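Trainee: This structure is in structure tokens; I'll ask about it shortly.
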Amino acid sequence: MTGSTRGSTRRSTRGSGESSGPLRYPLLFAVVIISAFPVYWTFMIPSRTNDVVGQLPPPFLPGGHFFANAARVFDTVNFGKALMNSVIVAGSITLSTLLFCSLAGFAFAKLNFRGRNALLLVVVSTMMVPVQLGIISLYIEMQELGWGNRLISVVLPTAVTAFGVVFMRQSVIQAVPDELLEAGRIDGCGTLRLYWHVALPALRPAMAVLGLLTFMQAWNDFMWPLIVLNAENPTVQVALSTLASGHYRDNTLVLAGTALGTIPVLVIFALFGRQIIGGIMEGAVKG
């Protein structure tokens, strides 16, 4: 009686797994459609005119006005300079974050020095402080240094983040064994050589993930660039806010600027998507 019950239970479990299998691909397809639709809508609306967009139901097929609306974006605001500023700011913040956070994470994970745990606690505690609390003092400091309306005032305050330090520390603990470092020390490697030749190659997947997150956050940052930069020296998000201001909102104009500002992010993901996904999957397997 017990054996037959176990056999029926196994068959029922196996049957339920097989029955749910064919539903995976339709569900994945639905998730992809839902996720990709906002991107499609962002590029579809600028290809139409405002009178067509206001119809109910709105059109779902692209038209032929995208390049005309994109030209209006560059005529309305200095969007070329905004794109260049955002590339410089986001790229500089990403590179500095990867460098300094990987160095700090390596030090916290593999180097023994006095006050290491206390200093790490201070770094973690800064993550609990709202960014808005330091905006006034940070703005005054940028003005005192003579960096008002300069890109360095946007890059320097976020050149290294507490999240990046903690993230890289955990990655170093998981990806770099102590035995490998000891072997490098026996071969005569110093601390910086161990970091550059031993730790850094093992941290590439994690750095790809951190780089994407940092680039996205820097590219989408709006509040701080709006405070320290003026309308003649904007970033993409500040330029988009200028397009959306006014009594009448031109949806095709705003979304044309949004589409142009989305293209660099899509290019970054297309170039480094394999490394980014590999880093996420590697972290998931190790976790």
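The values are calculated or read from the model by the stated rules, or taken from the named source; none is laboratory data. Quick caveat, the model's predicted, so the values are computed rather than measured. Virtual Cβ from ideal backbone geometry, glycine too; neighbours counted across all protein chains shown. Quick note on the areas: whole protein, heavy atoms, side chains included, nothing else; ligands and nucleic acids left out. Shrake-Rupley method; radii C 1.70, N 1.55, O 1.52, S 1.80 Å.
Trainee: Tell me, what % of the accessible area of the chain is carbon and sulfur with a 1.4 angstrom probe?
Mentor: 67 percent
Trainee: Here's something else I'd like to know. Packing-wise, with mean Cβ within 10 Å as the measure, how do 249-258, 140-149 rank, highest first?
Mentor: In descending order of packing, they fall as 249-258, 140-149.
Trainee: Same structure, new question: How much length, in nm to one decimal, is gained on full extension between residue 68 and residue 231, taken as 0.36 nm per residue of separation minus their Cα-Cα distance?
Mentor: Between residue 68 and residue 231, full extension yields 56.3 nm more.
Trainee: What ranking do 199-210, 97-108, 120-131 get when scored by the average of other Cβ atoms within 10 Å per residue, highest first?
Mentor: Listed from highest to lowest mean packing, they are 97-108, 199-210, 120-131.
Trainee: Over the chain, with the other protein chains present, what is the accessible area per residue in square angstrom, probe 1.4 angstrom?
Mentor: Per residue, the chain has 61 Å² of solvent-accessible surface.
Trainee: Now a separate question. Of the peptides 153-159, 132-138, how do they stack up when ordered by the mean number of other Cβ atoms within 10 Å, highest first?
Mentor: Packing order, densest peptide first, comes out as 153-159, 132-138.
Trainee: While we're here: Taking the Cα centre of the chain as origin, work out the dipole magnitude from +1 charges on Lys and Arg Cβ and -1 charges on Asp and Glu Cβ, in debye rounded to 20.
Mentor: Dipole size: approximately 1020 debye.
Trainee: Further question on the same structure: Using the 2.2 N^0.38 Å rule of thumb for compact globular proteins, work out how the stretch 23-286 stacks up: its C-alpha Rg over that value, please.
Mentor: Rg over 2.2 N^0.38 Å, computed on Cα atoms: 1.22.
Trainee: Under 1.5 on a/c is rounded, so check that first for the stretch 50-106, then, if it is not, pick prolate when a/b is larger than b/c and oblate when it is not; a ≥ b ≥ c are the square roots of the alpha carbon gyration tensor eigenvalues.
Mentor: prolate
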